[in-house]
Amino acid sequence: MSLALDLPRNGQVRGACPHDCPDTCALVTTVADGVATRVQGNADHAHTGGVLCTKVSRYVERSYHAERLLQPLRRVGPKGSGRFEPVGWDEALDDIAARLSAIAARAPEAVVPYSYAGTMGLVQGESIAARFFHTLGASLLDRTICASAGAEGLTQTLGGKVGMKVEFFAEAKLILVWGGNAIASSLHFWRYAQEAKRRGARLVCIDPRRTETADKCHEHIALRPGTDAALALALMHELIVHDWLDHDYLRDHTLGWEQLRARALQWPPARAAEVCGIPQEQIERLARDYGACRGEGGPAAIRLNYGMQRARGGGNAVRAVASLPALIGAWRHRAGGMLLSSSGQFPVQRAALQRPDLLAGRRPRTINMSTIGDALLHPGDAAFGPRIEAVVVYNSNPVAVAPESAKVVRGFAREDLFTVVLEQFQTDTADHADYVLPATTQLEHWDIHAAYGHTDVLLNRPAIAPLGEARPNTAIFRALAARMGLTDPCLQDDDETLSRQAFGDAVDFDALLRDGFATLALPDAPFAQGNFPSPSGRCEFFSSRLVAQGLDGLPDHLPNHEAIGSSADYPLAMISPPARNFLNSSFVNVTSLRAIEGEQLLEIHPVDAAARGIEDGSTVRVFNGRGSYRCRAAVSTRAREGVVNGLGIWWRKLGLDGRNVNELTSQRLTDLGRAPTFYDCLVEVAADSRAAAK
C-alpha cells in the first residue's frame with residue numbers, strides 16, 4: 001500500500017504527537033473542507049485514552065498560527081535582527097547547495113548539523129538528514145542536551161534504556177515520582193499513578209521544587225539539586241541494616257552486590273540528610289516504606305525523570321536509583337521496578353534509516369551540542385579540527401535552549417558563519433540565519449514514532465496539505481542532495497520507504513496503517529528472572545565498562561560543580577524546570593498558552609526574598625559570572641529555601657531584556673554521557689534597580 005494517498009477533504013485522520021514527551025500520544029485530527037479543525041487524543045489507544053495535554057490540544061492553533069513561516073526567507077539585516085526578504089525555493093536551494101558544496105570540498109567537517117527533538121519522528125528527524133550529512137562527511141553531532149547522562153546511567157546498570165511497563169504503575173503499592181513534574185510532563189503516567197492512589201497506593205514526590213505533582217502526592221521530599229545519589233545510597237543503607245532485602249534476587253540477578261553494600265554503608269541517613277538538606281526522619285520513613293514492599297509486601301515502582309540527571313553527578317544518580325529495585329526484588333512484580341525510558345526496547349533499525357556506511361571509512365569529528373557556544377567560537381586547530389563554517393539547524397532552537405547562551409549568540413552572530421535553519425516559526429535561532437526554510441508541522445507530513453514512556457509504535461498520517469510553501473524536512477534534504485550532485489539512490493528514498501525501513505519486519509506496518517499504532521510484544525515483568533540486556537545479563541551495580549574508562553565502577557554521590565555554599569557571591573542554587581504550558585522552547589509563541597504563563601518567572605522562597613527586599617510580582621535581576629537576565633519574581637514556597645526556580649524555556653526575544661534563563665547556565669558537563677548541567681548553577685538575585693527607579 002502506498003503512503004501517497006489522497007488527503008481527505010473531510011473526516012478524521014490518525015496521527016501521533018511529535019513532541020519530546022514520554023507519552024507519545026495517538027492523535028485524531030478532524031478535517032473539514034481540507035482544513036484541520038480539531039486535534040484530540042485517540043480514544044482507541046489505551047495510553048492516550050482520548051486525553052491530550054493543554055499544549056497539544058492547541059495544535060490547530062499552532063499549525064495555523066499567523067506567524068507560521070510559509071515561504072523561504074533570505075537575510076537582509078545584521079545577524080540576530082530577524083530582518084529577511086522572501087525568496088523562491090529554487091533560488092534559496094541553489095545558493096545553499098553551492099555554498100555548502102564549496103565548504104565541503106575543502107573541509108567537510110566545517111559543516112555541522114544541529115538538531116534534536118523538535119520532532120521525535122524517525123523520518124522527519126534523522127533519516128534523509130543523517131544520510132545527507134554522512135555523505136558529505138560533515139561533523140557528527142553528539143545529541144546530549146536532554147537525556148544522555150540518564151541514558152548512560154541506565155545502560156551501565158541495566159544494560160539499556162529499559163524498564164517496567166508504564167501501565168502497571170496502576171497496580172503499585174508505593175510510587176516514587178523522582179525528578180519530574182508528571183502532571184506537566186507525563187500526564188498519562190499520572191493517570192496510572194492516580195489510579196494506584198485510588199486503590200490505596202502511597203505516592204512520594206522527590207524534587208527540589210514543590211511541583212503541581214508534589215501537591216497531589218502524600219509526601220514531598222524537597223532535596224537540594226544534585227543530591228539524589230546521596231538519598232538513594234542512604235535508602236540502601238537502611239535496607240541493608242534492617243535486612244529489608246531480597247537475598248535470592250541479589251544473589252541470582254545482580255553483579256557487584258558486596259561492593260555496593262560496602263559503599264552504601266558509608267551513607268547513614270544522618271549523612272545524607274545533611275547533604276540533601278532534608279530531615280533524617282524523611283529518609284528513614286521512605287526506606288521503611290520501600291523495604292516493606294519486598295516479597296509479598298506489594299510492588300514498589302519508581303518513575304524517574306530527567307530533571308535529576310542535569311547536574312554534575314547526574315549519571316551516577318541514575319545509576320544509584322536504578323539499582324534500588326534489585327535490592328528488594330521489585331523486578332519480580334510487573335508493577336515493580338523503575339522506568340526512566342523505554343526507548344531501548346524498540347527495535348528501531350537506525351543503521352538502515354541513517355546509513356552510517358555512507359561515511360565510507362571516514363571518521364569525522366564529533367561536536368557536542370551542549371557546548372555549541374564554545375564550538376562556534378573556536379578558531380580551529382589540530383586538536384579541534386577546522387573552524388565551523390556552516391551550521392544547518394533543524395528540529396531545534398539552540399540560541400534559546402543551549403547553555404551559556406551569551407556565547408551561543410556570539411557564535412551564531414558570526415558574519416563568516418553560514419547558517420541555514422529549517423523552522424515552522426521565526427525563533428531566536430532563525431533570527432540569526434542566512435536562510436530560513438519553512439518546515440511542515442505534524443499535521444502536514446508522514447512520520448513514524450517510537451516512545452520513551454510506553455511501548456507502542458505510532459504512525460503519523462498527514463491530515464492536511466502543507467501550508468503555503470512549507471516542505472517536510474525530508475523533502476528539503478532530498479532537494480539539497482540532488483542540487484549538490486550527491487547521487488546515492490538512498491538520498492531520494494520517499495517517506496513511505498523511510499517509514500517502512502524504520503522498524504523493518506519487526507513491526508506490522510499494515511497494522512500501523514489500519515490502527516495508527518502497534519504494541520510491542522514484550523513480557524509484563526521483563527526482569528523477574530534477571531535477563532537484563534547488560535553484558536552479564538544481571539543488574540550491574542559494579543560496571544567493569546566504567547572502570548575501563550578510568551571511572552568508578554560503583555554509583556556514588558558527586559557534589560555539584562557549583563555546590564551550595566561554595567560561593568559567597570552566588571549563594572543560591574538555580575534550577576530551570578519547564579513552564580507547565582511550554583515544552584522546552586516549543587509552544588512559547590502560541591498566544592493562548594503564553595497568556596496562561598504570563599511572563600518569565602523566577603520562583604523564590606519567602607525567606608530568600610525577604611533577605612533581598614524582593615516582593616511578589618516585582619522585577620528582579622538574576623545573575624552570576626556568566627551573565628544576567630531580568631524577569632518577574634514569584635515569592636512562593638514552590639521554591640525551597642536556598643534554591644530558586646527559573647521557569648523556562650522562553651524565547652530570548654520575549655524576555656524583558658532579550659535574554660532567558662540559559663544566560664546563566666554553564667557548558668560544564670555531567671559525569672557520564674557528556675550532558676549539560678542545567679540544574680548545577682549558582683546565582684544571586686537582586687531587586688531590579690531600573691524597575692525601582694520607575
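The values are calculated or read from the model by the stated rules, or taken from the named source; none is laboratory data. Bear in mind the structure is a predicted one, so any value in this text is a computation, not a measurement. When we count neighbours, we look across all protein chains shown, and the Cβ atoms used for this are built from the backbone with ideal geometry, even at glycine. For accessibility, only protein heavy atoms count, side chains too; no ligands or nucleic acids. Shrake-Rupley method; radii C 1.70, N 1.55, O 1.52, S 1.80 Å.
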Condition broken by Leu512, with the remaining ones in (1) over 27 Å from Glu423 (Cα atoms); (2) surrounded by fewer than 21 Cβ atoms within 10 Å (Cβ to Cβ); (3) over 25 Å from the mean Cα position of the chain (by Cα) satisfied
(2)
Considering only residues of segment 387-415 that are open to solvent by 10 Å² or more (accessible area, probe 1.4 Å) and among the polar types (S, T, N, Q), which is nearest to Ile128 (Cα to Cα)?
Asn395
Would you check which residues across segment 147-169 are open to solvent by 30 Å² or more (accessible area, probe 1.4 Å) and within 24 Å of Leu52 (Cβ to Cβ) and list them?
Glu167
Among the residues of segment 326-357, what is the count of those that are of a type in the set (D, E, K, R) and buried (at least 20 other Cβ atoms within 10 Å of the Cβ)?
2
Take the residues in segment 255-276 that are crowded, with 19+ Cβ neighbours inside 10 Å and small (Gly, Ala, Ser); name whichever of them is nearest to Leu158 (Cα to Cα).
Gly256
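Answer yes or no as to whether Val275 is of a type outside the set (Phe, Trp, Tyr), at pLDDT 95 or above and farther than 21 Å from Gly180 by Cα.
Here the answer is no, as Val275 does not meet what is asked.
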Residue that is surrounded by the most Cβ atoms within 10 Å (Cβ to Cβ), among those in segment 517-576 that are aromatic (Phe, Trp, Tyr) and out of contact with any helix residue (DSSP H, G or I) (no Cβ under 7 Å at 6 or more places or on another chain):
Phe517
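In the set Leu245, Leu231, Leu260, which member is part of a loop (DSSP other than H, G, I, E, B) and either in contact with a helix residue (DSSP H, G or I) (Cβ under 7 Å, 6 or more places away or on another chain) or free of Cβ contacts under 8 Å to residues at least 40 places away in the same chain (or both)? Spell out the reasoning first.
Values: Leu231 fails: part of a loop (DSSP other than H, G, I, E, B); Leu260 fails: part of a loop (DSSP other than H, G, I, E, B).
Answer to the selection: Leu245.
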Quick one: would you say Val685 is of a type in the set (Val, Ile, Thr) and in a strand (DSSP E or B)?
yes
The strands (runs of 3 or more DSSP E) lying entirely within segment 28-88 that contain at least 2 residues which are open to solvent by 20 Å² or more (accessible area, probe 1.4 Å) and touching a residue at least 60 places away in the same chain (Cβ under 8 Å) are 73-75
Given the structure, is Thr119 in contact (Cβ under 8 Å) with a residue 24 or more places away in the chain, over 27 Å from Gly361 (Cβ atoms) and part of a loop (DSSP other than H, G, I, E, B)?
yes
For segment 336-344, indicate whether the set of residues that are assigned to a helix (DSSP H, G or I) and within 31 Å of the chain's Cα centre (by Cα) is non-empty.
yes
Would you check if Ala375 is of a type outside the set (D, E, K, R) and part of a strand (DSSP E or B)?
no
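Residues checked against (1) under 30 Å from Val56 (Cβ atoms); (2) part of a strand (DSSP E or B); (3) touching a residue at least 24 places away in the same chain (Cβ under 8 Å):
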residue	(1), (2), (3)
Ser592	yes, no, yes
Glu603	yes, yes, yes
Val607	no, no, yes
Gly613	no, no, yes
Arg630	no, yes, yes
Leu656	yes, no, yes
Asn662	yes, no, yes
Asp671	no, no, yes
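Among the residues of segment 316-339, count how many are in contact with a Pro (Cβ under 9 Å, 6 or more places away or on another chain) and closer than 17 Å to Gly180 by Cβ. Show your work before the answer.
Our first condition is that a residue be in contact with a Pro (Cβ under 9 Å, 6 or more places away or on another chain); within segment 316-339, this holds for 316-323, 330-339.
Add one more test, that the residue is closer than 17 Å to Gly180 by Cβ, and what stays is 317-318, 320-322, 337-339.
Residues in segment 316-339 being in contact with a Pro (Cβ under 9 Å, 6 or more places away or on another chain) and closer than 17 Å to Gly180 by Cβ: 8 in total.
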Could you tell me whether any residue of segment 425-435 is crowded, with 24+ Cβ neighbours inside 10 Å, of a type outside the set (Val, Ile, Thr) and part of a strand (DSSP E or B)?
no
For Phe384, indicate whether it is farther than 23 Å from Leu480 by Cα and surrounded by fewer than 24 Cβ atoms within 10 Å (Cβ to Cβ).
yes
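Does Ser323 satisfy the criteria of being of a type in the set (Ser, Thr, Tyr), in a helix (DSSP H, G or I) and open to solvent by less than 10 Å² (accessible area, probe 1.4 Å)?
On the way: of a type in the set (Ser, Thr, Tyr): yes; in a helix (DSSP H, G or I): yes; open to solvent by less than 10 Å² (accessible area, probe 1.4 Å): yes.
For Ser323, the condition - of a type in the set (Ser, Thr, Tyr), in a helix (DSSP H, G or I) and open to solvent by less than 10 Å² (accessible area, probe 1.4 Å) - is met.
Any idea which of Ala511, Ala521, Ala463, Ala475 is among the aliphatic types (A, V, I, L, M), in contact with a strand residue (DSSP E or B) (Cβ under 8 Å, 6 or more places away or on another chain) and without any contact (Cβ under 8 Å) to a residue 12 or more places away in the chain? Steps first, please.
Values: Ala521 fails: in contact with a strand residue (DSSP E or B) (Cβ under 8 Å, 6 or more places away or on another chain); Ala463 fails: without any contact (Cβ under 8 Å) to a residue 12 or more places away in the chain; Ala475 fails: in contact with a strand residue (DSSP E or B) (Cβ under 8 Å, 6 or more places away or on another chain).
One residue alone meets the criteria, Ala511.
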Could you check segment 282-315 and list, in sequence order, the residues that are touching a Cys at 6+ places or on another chain (Cβ under 9 Å) and closer than 18 Å to Asp243 by Cβ?
Ile283, Ala300
Out of the residues in segment 178-214 meeting the condition of being open to solvent by less than 20 Å² (accessible area, probe 1.4 Å) and of a type in the set (Gly, Ala, Ser), tell me which one is farthest from Arg285 (Cα to Cα).
Ser186
Sole exception among (1) open to solvent by less than 30 Å² (accessible area, probe 1.4 Å); (2) under 30 Å from Tyr452 (Cα atoms) for Met120, by number
(1)
So Ala172 fits all but one of (1) open to solvent by less than 10 Å² (accessible area, probe 1.4 Å); (2) closer than 20 Å to Ala390 by Cα; (3) in contact with a strand residue (DSSP E or B) (Cβ under 9 Å, 6 or more places away or on another chain); what number is the exception?
(2)
Out of (1) farther than 21 Å from Asp556 by Cβ; (2) among the charged types (D, E, K, R); (3) touching a residue at least 12 places away in the same chain (Cβ under 8 Å), the one Glu281 does not meet is (3)
Could you figure out which of (1) more than 22 Å from Asp434 (Cα to Cα); (2) in a helix (DSSP H, G or I); (3) modelled with pLDDT of 95 or more isn't true of Glu91?
(1)
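Look at Ile283 and say whether it is part of a helix (DSSP H, G or I), open to solvent by less than 10 Å² (accessible area, probe 1.4 Å) and among the hydrophobic types (A, V, I, L, M, F, W, C). Give the derivation first.
Details: part of a helix (DSSP H, G or I): yes; open to solvent by less than 10 Å² (accessible area, probe 1.4 Å): yes; among the hydrophobic types (A, V, I, L, M, F, W, C): yes.
Criteria met by Ile283.
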Keeping to segment 413-441, report how many residues are touching a helix residue (DSSP H, G or I) at 6+ places or on another chain (Cβ under 9 Å), of a type in the set (Asp, Glu) and farther than 20 Å from Val60 by Cβ.
3
